[in-house]
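Contents: one structure, followed by commentary.
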Amino acid sequence: MSATDDILAAAFRCLEAEPSLRGLGLAVSGGGDSMALLHAMAGPARDRGIAIRVATVDHGLRDGARAEAERVARDCAGLGLPHEILDWTGWEGRGNLQDAARRARRALLAEWAGRHGLEAVALGHTLDDQAETVLMRLARGSGVDGLSAMSALRREAGLAWLRPFLGLRRETLRAWLSERNLGWDEDPSNADPRFQRVRARTALQELAPLDIAAQGLADTAQRMAMAREALEALAADLSGRALRLRAGAVEIDAVLLARAPEETRLRLVSAAIGWIAGRAYRPRIASLRAGLQGAGQGRWRSLAGVMLAERGGRLWLCREPGRAGAPVAADALWDGRWRLDPPPREAEAGGLRLGALGAAGLAGLPGWRDTGLPRQALLASPALWRDDALLAAPCVDPAGPFAARIVAEFPYPTLPH
């Protein structure tokens, strides 16, 4: 099979994975991989009646990035595709730049897709990217989840993220572009050894004499993905037998949890922490073990913005009160996951704020113990305020004028409330 056949076959497989797809976004930076994505996906998608939109994220971190984005815009105009440049202005000069840029890019693309009603976004990652990711995660001591690396299809918050070229080499895509006189831009940061991915790319070349190559590492990622699927099934089974969601907190049967294999226990508790705190990454395994050990002694322990304690045969996990979000407008999303339902009418909303119930609010609700919920959980539960006056505490008084709902779905089945 020729390179052309491989690339077009990958494009068709990607679209066949989402047979009901009507709106597809393409994330195109202007590099060789994403320009191949643009030119290879546009035709097959159009043939299937799928509306295509293209976005380029400009991180504003180097000279020339804007010109590259505008070049993508010109190519899109030639293909008759709408294009938008998404600007990132959130870098404060602290922390891991590449990780921050990656998170920002994902958030900007998700917001853009939602604004245009797109059901999926395709990314130009290749087999080489997969191999480099596995190598970097090996260096961090990652487990099964980390080594399973990237997937060809991932669903998150109602959006499908597609990677049609994970089975193709970077050089194959560039050769395909060159044969068609289609240009691309090389990001100079791809040669900067300050970045771990660049060092991983160099290391792969140096490991070739040991027969450690991109294809083998990508194959390892596939096998780890199979193992991860099996481990996820075990966690889902335990969750469906042992876990309840209560007022934004998580209650787990401590006996059933203790009987499960450690990997399953840690996976389920990590999922609960991520759901409560809105974290994309699991806590480090040493911190997780220490947190569970302390919680098992009946003391409240803090871990990644979440409080843990075992009480009466139940392991409770709830938002750490001091880490809950600042108050927001009554019709806004609070602490990354709560909304009032229904929101106050516009005429009443002025001056209303949605925030944590806190100690002051809880003190005015003497019947809170009747909920059966720990005090820590209720302190960080949502409340509607006007100045210092408490108007509603939906988790304590569900019969009140407002309910509160969590917009983030728990990743596993749960017991009834």
Task: Options V54, L8, V28, ranked by Cα towards positive dipole end of the stretch 1-70, top entry (Cβ charges) - done: V54
TODO: Leaving out ligands and nucleic acids, note down the accessible area per residue over the stretch 53-133 with a 1.4 angstrom probe, in whole Å².
DONE: 48 Å²
Task: Whole-percent carbon and sulfur share, accessible surface of the chain, 1.4 Å - done: 51 percent
Task: Dimensions (Å) - the chain, Cα atoms, principal axes, largest first - done: 75, 55, 42
Open item on the list: Can you bin every Cα-Cα distance in the stretch 220-336 into 10 Å intervals starting at zero and give me the percent of pairs per bin, rounded to whole numbers?
Closed with: 13, 44, 29, 12, 1
Open item on the list: From the gyration tensor of the Cα coordinates in the stretch 114-180, what semi-axes in whole Å does the equivalent ellipsoid have, largest first, with each one equal to sqrt(5λ)?
Closed with: 23, 22, 7
Task: Antiparallel bridge percentage (DSSP; both residues within the chain; nearest 5) - done: 70 percent
Task: Phi-based couplings in Hz for the stretch 354-370 (Karplus 6.51, -1.76, 1.60; Gly and Pro marked x) - done: 9, x, 6, 5, x, 5, 5, x, 5, 4, x, 10, x, x, 5, 5, 5
Task: V144, V72, reordered so the largest accessible area comes first (probe 1.4 Å) - done: V144, V72
TODO: Roll a 1.4 Å probe over the protein chains and send me the accessible area per residue for the stretch 318-410 in Å².
DONE: 52 Å²
Task: Å² of accessible area per residue within the stretch 169-245, as computed with a 1.4 Å probe and no ligands counted - done: 61 Å²
- [ ] Could you tell me, in Å, what Rg and Dmax come out for the Cα atoms of the stretch 327-417?
- [x] 13.2, 39
Task: the stretch 49-91, relative contact order [Cα under 8 Å, separation at least 6], % - done: 53 percent
TODO: Please report, in whole Å, how far the alpha carbons of the stretch 1-88 spread along each principal axis, starting with the longest.
DONE: 39, 29, 22
Open item on the list: Test of understanding: given the chain, find the longest segment containing no trypsin sites (Lys or Arg not before Pro) that are in a DSSP loop and have at most 15 other Cβ atoms within 10 Å.
Closed with: 195-278
Open item on the list: From the Cα trace of the stretch 155-209, what convex hull volume per residue do you get, rounded to a whole Å³?
Closed with: 161 Å³
Open item on the list: Which residue, P343, A356, G312, has the largest displacement toward the positive end of the dipole of the stretch 256-406 when charges sit on each Cβ (Lys, Arg +1; Asp, Glu -1)?
Closed with: G312
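The values are calculated or read from the model by the stated rules, or taken from the named source; none is laboratory data. Predicted model, so just to flag it, every value in this text is computed and none were measured. So basically every Cβ, Gly included, is an ideal-geometry build from the backbone, and we count neighbours across all protein chains shown. In case anyone asks, the SASA skips ligands and DNA or RNA and just uses the protein heavy atoms, side chains included. Shrake-Rupley method; radii C 1.70, N 1.55, O 1.52, S 1.80 Å.
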